[in-house]
1. Among the candidates Val88, Val96, single out the residue that is in contact (Cβ under 8 Å) with a residue 24 or more places away in the chain, in contact with a helix residue (DSSP H, G or I) (Cβ under 9 Å, 6 or more places away or on another chain) and under 24 Å from Cys207 (Cβ atoms).
2. Being within 18 Å of the chain's Cα centre (by Cα) and either surrounded by fewer than 16 Cβ atoms within 10 Å (Cβ to Cβ) or touching a residue at least 24 places away in the same chain (Cβ under 8 Å) (or both) narrows it down to one residue among Pro60, Pro118, Pro45, Pro114; which is it?
3. Of everything in the range 10-41, what is surrounded by 20 or more Cβ atoms within 10 Å (Cβ to Cβ), among the β-branched types (Val, Ile, Thr) and either assigned to a loop (DSSP other than H, G, I, E, B) or touching a Pro at 6+ places or on another chain (Cβ under 7 Å) (or both)? Give them in sequence order.
4. Give the residues of the range 143-152 that are surrounded by fewer than 19 Cβ atoms within 10 Å (Cβ to Cβ) and on the phi < 0 side of the Ramachandran plot, sorted by residue number.
5. Checking the condition in a strand (DSSP E or B), more than 30 Å from Leu120 (Cα to Cα) and within 21 Å of the chain's Cα centre (by Cα), which residue from Ile236, Ile246 passes?
6. Evaluate the following for Leu71: is it in contact with a His (Cβ under 6 Å, 6 or more places away or on another chain), within 21 Å of Cys282 (Cα to Cα) and buried (at least 18 other Cβ atoms within 10 Å of the Cβ)?
7. Those residues that are at negative phi and either modelled with pLDDT under 95 or outside the structural domain of His116 (by TED's automatic domain parsing) (or both), I need them from the range 79-97; list them, please.
8. Keeping to the range 90-103, report how many residues are surrounded by fewer than 18 Cβ atoms within 10 Å (Cβ to Cβ), in a loop (DSSP other than H, G, I, E, B) and not polar (S, T, N, Q).
Amino acid sequence: MSLTLFDHERRSIAIETVSSGSGDRHKFGGSLTDHAIIIRNVSNPCQVVFVLDTVDDRVPISVDGVRFFPLIHGFQFCSNGEEFVYRVLKDGEIEVISHTDEDFDDFFPYGDYPDHFPELQIALRSEPYDSTKAEDALLYQGVFGLDDLSDSETLRAIEVAKKTWDPYKLERLDHQQDCTDTELLRCNGCAPFCQTTPSKCCPNPKCTAEVDYVIDAYELELSADEPPLEIPEKIIRVPTLRVVAIHEDEGARDEELWGGVWVQLIFQLCAECGCVVVSNQCT
């Protein structure tokens with residue numbers, strides 16, 4: 001797949017398809033200038049990945065005053081693997097929250113990285129999905145969870161997982177003897193993510209979500225020859241992030257975005273402060 005959108009209220013999925021050219025207003029790529037977008041707080045380029053027309057009810061994003069919602073990423077700000085966090089203030093205006101220009105890396109993901117990708121008109125189509133059926137629920141467990149499964153379908157999901165999960169994961173489960181099969185299923189299933197389910201706690205320091213707990217600052221000893229690394233205090237809030245989009249591609253787009261490496265680009269939206277958290281995973 002390339003772009004997949006997730007509607008948590010309706011438990012529905014939409015995927016990118018080829019545009020017919022008639023009335024489709026969704027776009028892949030294009031420059032900030034093309035889309036009349038201003039970026040606040042950084043001067044180095046961020047890239048437009050998609051711009052979605054929220055008039056289309058397949059788009060699971062609704063922000064007051066915003067019709068064309070941009071999914072952007074600061075690829076060159078995130079060479080250290082950190083999340084990229086931004087907020088859409090209104091149509092055409094974005095505030096970067098997570099990074100400053102000091103984080104910019106000219107050589108990531110590869111040298112001569114483009115400041116924008118070639119613009120392409122795209123369309124969306126609904127994808128069949130039933131969150132009450134074991135097979136469907138397992139495919140998107142990391143996004144929607146398994147709470148819509150009945151007791152009987154949960155038992156069937158356990159059997160399906162045992163037949164379809166990779167041998168490494170099943171071997172790991174064999175060593176977790178203190179958990180029931182249902183607990184193992186809920187704790188270890190993360191599809192469609194290739195590594196793990198992303199954190200649901202908003203990293204925006206100005207988010208008004210309730211604080212769950214605080215990890216105190218500490219020093220991390222590296223070696224006898226190096227000074228300890230100062231790890232700052234970290235505030236963990238109650239879960240407010242929902243995955244609204246995943247982009248992955250094995251073709252020309254991966255060449256453009258990542259230099260040919262297969263990567264999942266994940267977009268989460270905070271239900272409390274409205275910021276977008278962008279992260280990536282790869283095998």
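1. Val96
2. Pro60
3. Ile37
4. Leu146, Asp147, Asp148, Ser150, Asp151, Ser152
5. The match here is Ile236.
6. no
7. Within the range 79-97, Ser79, Asn80, Glu82 meet the criteria.
8. 2
The values are calculated or read from the model by the stated rules, or taken from the named source; none is laboratory data. Keep in mind the model is a prediction, meaning the values are calculated, not measured. A quick note on method: Cβ atoms are made from the backbone with ideal geometry, for glycine too, and the neighbour counts reach across all protein chains shown.
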